[in-house]
1. Could you report the accessible area of D125 in Å², rounded to 10, computed with a 1.4 Å probe on the protein chains as they sit in the structure?
2. Is there a quick way to get the dipole size of the chain? I mean about its Cα centre, with the Cβ of Lys and Arg at +1 and of Asp and Glu at -1; what is the value in debye to the nearest 20?
3. Is the C-alpha gyration tensor of the range 1-48 telling us rounded, prolate or oblate? Criteria: a/c under 1.5 is rounded; beyond that, a/b larger than b/c is prolate, otherwise oblate.
4. Quick one: compute the contact order of the chain, relative version, from alpha carbon pairs under 8 angstrom and 6+ residues apart, as a percent.
5. Using amide H atoms built 1.01 Å from N in the peptide plane, name the residues 5+ places from W21, or on other chains, whose amide H lies under 5 Å from its own.
6. Students sometimes get this wrong: rank T102, T126 by accessible area, probe 1.4 Å, all chains present, largest first.
7. Given H placed on each backbone N at 1.01 Å, which residues far from I8 in sequence or on other chains put an amide H within less than 5 Å of it?
8. Under a 1.4 angstrom probe, counting protein chains only, how are L77, L72 ranked by accessible area, largest first?
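The values are calculated or read from the model by the stated rules, or taken from the named source; none is laboratory data. Quick caveat: nothing in here was measured; it's all calculated off a predicted structure. As a convention, Cβ positions derive from the backbone with ideal geometry for all residues, glycine included, and neighbour counts pool all protein chains shown. For the accessible areas, the whole protein counts, side chains as well, though only heavy atoms, and no ligand, DNA or RNA atoms are used. Shrake-Rupley method; radii C 1.70, N 1.55, O 1.52, S 1.80 Å.
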Amino acid sequence: LASIEVDISGVQEGMAIKVMWRGKPVFIRHRTQESIEAAREVDPEALPDPASDESRVNKPEWLVVVGVCTHLGCIPLGNSPGEPRGEYGGWFCPCHGSHYDTAGRIRKGPAPENLPVPPHSFVNDTTIKIG
Ligand code: FES
């Protein structure tokens, strides 16, 4: 399918889900105010792959990223309760230790780039269209 629609009504604040889009995992996280602030208080230019948090989200509460580590393609952890989210509270790739922040940006480890943000839009308050 070129595009999918995802019901996000059941995703509690602080939680994330994984859906499949074009054969790839896509992570959708319902961000807390705290994690939004954490993403916004850093200087984007100081990051390995500079990008502002604002440039990566349509609505601050919802982050959508392709869940494939930009190092060698493992699936980072951090969606389910109890999974490590790394030192920056986003996702952690256990293969070689890449840490992504609450905007899906690479902060530490061998991955060269941020988790990509796929094209997405809000159909309504509880539905995201990806693709
Ligand atoms: Fe993720 Fe190497 S594949 S750190």
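1. Rounded to the nearest 10, the figure is 120 Å².
2. Working: 13 positive and 17 negative charges, 100 e Å.
Computed charge dipole of the chain: roughly 480 debye.
3. oblate
4. With pairs under 8 Å counted, the relative contact order is 26 percent.
5. Under 5 Å from the amide H of W21 lie the amide H atoms of V26, each far enough along the sequence or on another chain.
6. T126, T102
7. Under 5 Å from the amide H of I8 lie the amide H atoms of T127, I128, each far enough along the sequence or on another chain.
8. So, going from the largest accessible area down, we get L72, L77.
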